[in-house]
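Novice: Pasting in a structure now, in C-alpha cells, and then I'll have a few things to ask.
The values are calculated or read from the model by the stated rules, or taken from the named source; none is laboratory data. Because the structure is a prediction, the values reported are computed rather than measured. For neighbour counting, all protein chains shown are included, and Cβ atoms are generated from backbone atoms with ideal geometry for every residue, glycine included.
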Protein chains: 2
Amino acid sequence: MTHTNGTLQQLTIIGVGLIGGSFALALKQQLDIKIVGCGRNSDNLEAAKQLGAIDTYETDIGKAVSGADMVFVAVPLGAMEMVFRAMQGHLGADTIVTDAGSAKATVVAAAEQIFADKAVNFVPGHPIAGREKSSVHAALPELYQQRRVVLTPTKQTKPEAVAQVQTLWELTGAFITQMSVEHHDEVLAATSHLPHMLAYVLVDLLAHETDSKEIFQYAAGGFRDFTRIAASDPVMWHDICVANKTALLEQMDAFSQHLMQLREQMANGQFDEVKALFQRAQQARENLQIK
Amino acid sequence: MTHTNGTLQQLTIIGVGLIGGSFALALKQQLDIKIVGCGRNSDNLEAAKQLGAIDTYETDIGKAVSGADMVFVAVPLGAMEMVFRAMQGHLGADTIVTDAGSAKATVVAAAEQIFADKAVNFVPGHPIAGREKSSVHAALPELYQQRRVVLTPTKQTKPEAVAQVQTLWELTGAFITQMSVEHHDEVLAATSHLPHMLAYVLVDLLAHETDSKEIFQYAAGGFRDFTRIAASDPVMWHDICVANKTALLEQMDAFSQHLMQLREQMANGQFDEVKALFQRAQQARENLQIK
C-alpha cells in the first residue's frame with residue numbers, strides 16, 4: 001500500500017460502472033484511500049461495495065462529493081452537465097474534478113460554464129479502454145494496464161491538478177499523454193467514432209436486406225469484425241455523436257469522398273489504381289506497426 | 001483411411017497455397033488418394049511435398065491434370081482463365097473440375113467458354129475460410145472444419161459431379177450449401193467484399209492525414225479491427241473487385257446512401273433517429289446470433 005502523503009484521502013466516483021469501477025479496483029490495489037461511490041441505482045452501488053471497489057456510497061451527488069479531495073466523473077457524456085450542476089456548491093475550494101468522457105469539447109465547455117472560477121481544478125480526461133460488457137460486474141483492476149489515457153488540460157487548468165490526476169492514472173498501469181481538447185476530438189473522431197459509424201451503418205444496411213438471415217449466416221471474417229463493433233452501447237454512441245458532431249461529420253465526409261473515389265475507379269475499370277489503394281493501406285498498417 | 005470405391009484415385013491441385021494445401025492435408029488424413037500438385041514455383045511444390053500435402057508435382061498444367069479424376073483449382077481469381085485454357089485438351093472425358101474462387105460469375109463464364117461441352121463437369125465452389133498468412137506453410141488440415149463451403153452448380157452441371165465434390169468437402173469437416181452463382185456473388189459482396197472496401201478506404205484515408213502516426217497510435221478498438229481486415233492480400237482483393245464488380249458497386253452505393261442519411265440526421269440534430277439506427281444494428285446482431 002502506498003500512502004499519498006495525506007494529499008488524497010477521499011476519492012468520490014460518480015458513475016460506478018465498468019470505467020469507474022475498474023478505476024476504483026485498480027486504485028484499491030495500490031492506495032490506502034477512501035472511495036465513495038455515487039449513482040442513481042443503490043443495488044449497483046451495493047454490488048460495487050461487495051466487490052471491494054468502493055467503501056461507502058451515496059445516491060445524492062452533493063453529499064457524495066462533500067469532503068472529497070478528488071471527484072472522478074464516469075457517467076455517460078449526455079449526463080455530464082447534469083452531474084456537474086448537482087456537484088456545484090458542494091465541492092471544496094481545492095477539490096480536483098476529472099472525467100472519463102470520450103469526447104472533450106462539450107464536457108470542457110460545460111465544466112467552464114458551471115464551475116466558473118473553480119474550473120481551474122477540472123482536469124478533462126479520457127481513458128481509451130473498454131470491454132463489450134458494461135456495469136460494475138464487468139470491472140477489472142487491470143482494465144487500464146498498458147492502455148492510453150489522454151488528459152486535455154486547458155490554458156487555465158492548474159498544473160498541480162493535472163499532476164495529481166496523472167499520478168492516479170499511472171497507478172492503474174496506464175500510459176498518460178496530453179493533447180489539446182480540439183486535437184483529442186479530431187483524433188478520436190478518426191480512429192474510433194468514424195469506425196463505429198461505419199460498423200453501425202453496415203450492420204443496419206444488411207439487416208434490412210430481404211435475405212438478411214442468410215447474409216448474417218455467411219458473415220465471413222470481414223463482416224464479423226464489423227458486427228462486433230456494432231454491438232456497442234447505442235446510448236453511449238448517441239451521446240458521442242451529439243458531443244463530437246463537428247469533428248465526426250468532417251471525418252464522415254472525408255470518408256465518403258474517398259469511398260466514392262474508389263467506386264469511380266472501379267466503375268471506370270481503373271483497377272491498377274484500386275490495387276494501389278489496397279497496397280498503400282496494407283503498407284500503412286505494416287509501417288505503423290498496428291498489431 | 002476411407003477408400004472411395006475406386007472412383008477417385010488421383011486428385012490434382014493447381015495452386016498449392018493456403019487453400020489448396022489445406023484441402024490436400026485434410027483429405028490426406030481421410031483418404032488413400034494420390035494428390036498431384038501443380039504451380040509455377042517448384043520450391044513451393046517441394047515444400048508442399050515435404051509437408052505431406054502432395055505426393056508428386058508438375059509445373060506444367062497439362063501434364064499435371066492428365067490422368068486426374070478431379071482437379072481442384074485454387075489459384076487467384078485473376079489466373080483462373082489462364083489455368084482453364086492450359087488444362088483444356090488434357091482433361092479426361094469425365095474429369096471433374098472444381099475451384100475455390102471467392103466470386104463465381106466470371107469463373108463460371110470462363111469455364112463455360114473454355115470447356116464448352118465439358119463444362120458439365122465443372123463444379124464452381126467457394127470455401128469461406130482463410131487466415132491472415134498465406135502460402136502452403138500456413139496450410140492446416142483443420143482449416144475447413146466447421147466452415148462453410150458454397151457450391152454454385154449451374155443448370156448444366158452434372159449432379160454426380162456436384163455430389164463427388166460435396167463428398168470431398170465434407171471429409172474436410174466443412175458444411176456444404178448450394179446457391180445460384182448470382183446469389184452467391186450478391187451475398188459475398190455484402191458480407192465480405194464491401195467490408196473489405198470500407199476497411200481499405202478507412203486505413204488509406206487515415207494514413208494520409210498529416211498526423212497519421214499519432215492517429216495510428218491512438219487506434220482504439222474500432223479502428224484496430226479495421227486495420228486487421230486491411231492487411232489482406234491486395235492482389236487477391238484487386239482480383240475480387242474485377243470479378244465481382246457489378247454486385248460490389250451496388251453494395252457500395254447502398255452503403256454510401258445509408259451513411260449519407262446518417263450524416264444528414266446528425267447534421268440536422270435528429271439524434272433520436274441516430275440512436276434508433278444504433279439500436280437496430282445492435283438488435284440485429286443479437287437476433288441473428290452473430291458470435
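Novice: Sort through A:T106, A:T98 and tell me the only one that's part of a strand (DSSP E or B) and not small (G, A, S).
Specialist: Selected residue: A:T98, the only one of A:T106, A:T98 that is part of a strand (DSSP E or B) and not small (G, A, S).
Novice: Residues being aromatic (F, W, Y) and within 15 Å of A:A47 (Cβ to Cβ): count how many of those fall in the range A:9-34.
Specialist: 0
Novice: Continuing with this model, one more query. Please go through the range B:194-240 and give me each residue that is farther than 16 Å from A:L262 by Cα and touching a residue at least 60 places away in the same chain (Cβ under 8 Å), ordered by number.
Specialist: B:R228, B:A231, B:S232, B:D233, B:M236
Novice: Being among the aliphatic types (A, V, I, L, M) and either outside any helix (DSSP H, G or I) or in contact with a Gly (Cβ under 7 Å, 6 or more places away or on another chain) (or both) is the filter here, so list the residues in the range B:154-167 that pass it.
Specialist: Hit for the range B:154-167 is B:V165, nothing else.
Novice: May I ask you to list the residues in the range A:5-27 that are buried (at least 17 other Cβ atoms within 10 Å of the Cβ) and either among the aliphatic types (A, V, I, L, M) or farther than 28 Å from A:G78 by Cα (or both)?
Specialist: Matches in the range A:5-27: A:L8, A:L11, A:I13, A:I14, A:V16, A:L18, A:I19, A:A24, A:L25, A:A26, A:L27.
Novice: Could you look through the range A:178-214, keep only residues that are charged (D, E, K, R) and within 17 Å of the chain's Cα centre (by Cα), and pick out the one that is nearest to the other protein chains (Cβ to nearest Cβ)?
Specialist: A:E186
Novice: Here are some residues: B:L151, B:L171, B:L143. Which one is touching a Gly at 6+ places or on another chain (Cβ under 7 Å), not polar (S, T, N, Q) and not assigned by TED's automatic domain parsing to the domain that holds B:A254?
Specialist: Answer to the selection: B:L151.
Novice: Here are A:F226, A:F175, A:F255: which of them is within 7 Å of another protein chain (Cβ to nearest Cβ), surrounded by fewer than 24 Cβ atoms within 10 Å (Cβ to Cβ) and more than 14 Å from the chain's Cα centre (by Cα)?
Specialist: Of the residues listed, the single one that is within 7 Å of another protein chain (Cβ to nearest Cβ), surrounded by fewer than 24 Cβ atoms within 10 Å (Cβ to Cβ) and more than 14 Å from the chain's Cα centre (by Cα) is A:F255.
Novice: Could you tell me whether any residue of the range B:140-153 is surrounded by fewer than 16 Cβ atoms within 10 Å (Cβ to Cβ), more than 17 Å from the chain's Cα centre (by Cα), in a loop (DSSP other than H, G, I, E, B) and more than 8 Å from chain A (Cβ to nearest Cβ)?
Specialist: no
Novice: Can you work out which of the residues in the range B:23-60 that are part of a helix (DSSP H, G or I) and of a type in the set (S, T, N, Q) is farthest from the chain's Cα centre (by Cα)?
Specialist: Filtering the range B:23-60 for residues that are part of a helix (DSSP H, G or I) and of a type in the set (S, T, N, Q), the one farthest from the chain's Cα centre (by Cα) comes out as B:Q50.
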